[in-house]
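Accompanying notes for the structure given below.
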Amino acid sequence: MSYTLTLDMPQKAVRFVERQTLRQGTDLSALFVAFLRERFGFGEDDDSVDAAQVVSEDVGTLTRQLSGIVSLPGGISDKDLFASAMLEKYNSLV
């Protein structure tokens, strides 16, 4: 079930969102759902959200084109790989 949400945002924020949605090949609704999922864990324990549908809506054009090109080494998840890269990046700044 869908609902309409009205937002009151500064014009600068609206322009930013318009650029992001164009750049990512998505729409504001998918961008907002992705934000809720990443920031607050929305949908992780909610069976009413079709995760495949949400993921397909917020994946950018470039990501769609590159999907399947890289394989992760066995036993390493994408989250572990990302965490390792972030630690390496920020430890080099200290």
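The values are calculated or read from the model by the stated rules, or taken from the named source; none is laboratory data. Please read these numbers as outputs of a predicted model, since none were measured by experiment. In this analysis, Cβ positions are derived from the backbone assuming ideal geometry, glycine residues included, and neighbour counts consider all displayed protein chains.
Figures for the structure shown
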| quantity | calculated |
| --- | --- |
| Verdict on THR26 being modelled with pLDDT of 70 or more and in a loop (DSSP other than H, G, I, E, B) | yes |
| VAL17 vs. criteria modelled with pLDDT under 80, surrounded by 11 or more Cβ atoms within 10 Å (Cβ to Cβ), part of a helix (DSSP H, G or I) and of a type in the set (Val, Ile, Thr) | no |
| Output for the stretch 1-33, where each listed residue is hydrophobic (A, V, I, L, M, F, W, C) and in contact with an Asp or Glu (Cβ under 9 Å, 6 or more places away or on another chain) | LEU28, ALA30, LEU31, VAL33 |
| Extreme residue, modelled with the lowest pLDDT, among residues of the stretch 71-94 that are loosely packed, with under 10 Cβ neighbours inside 10 Å and within 19 Å of the chain's Cα centre (by Cα) | ASP78 |
| Residue count, the stretch 4-22 (criterion: among the acidic types (Asp, Glu) and farther than 13 Å from PHE32 by Cα) | 1 |
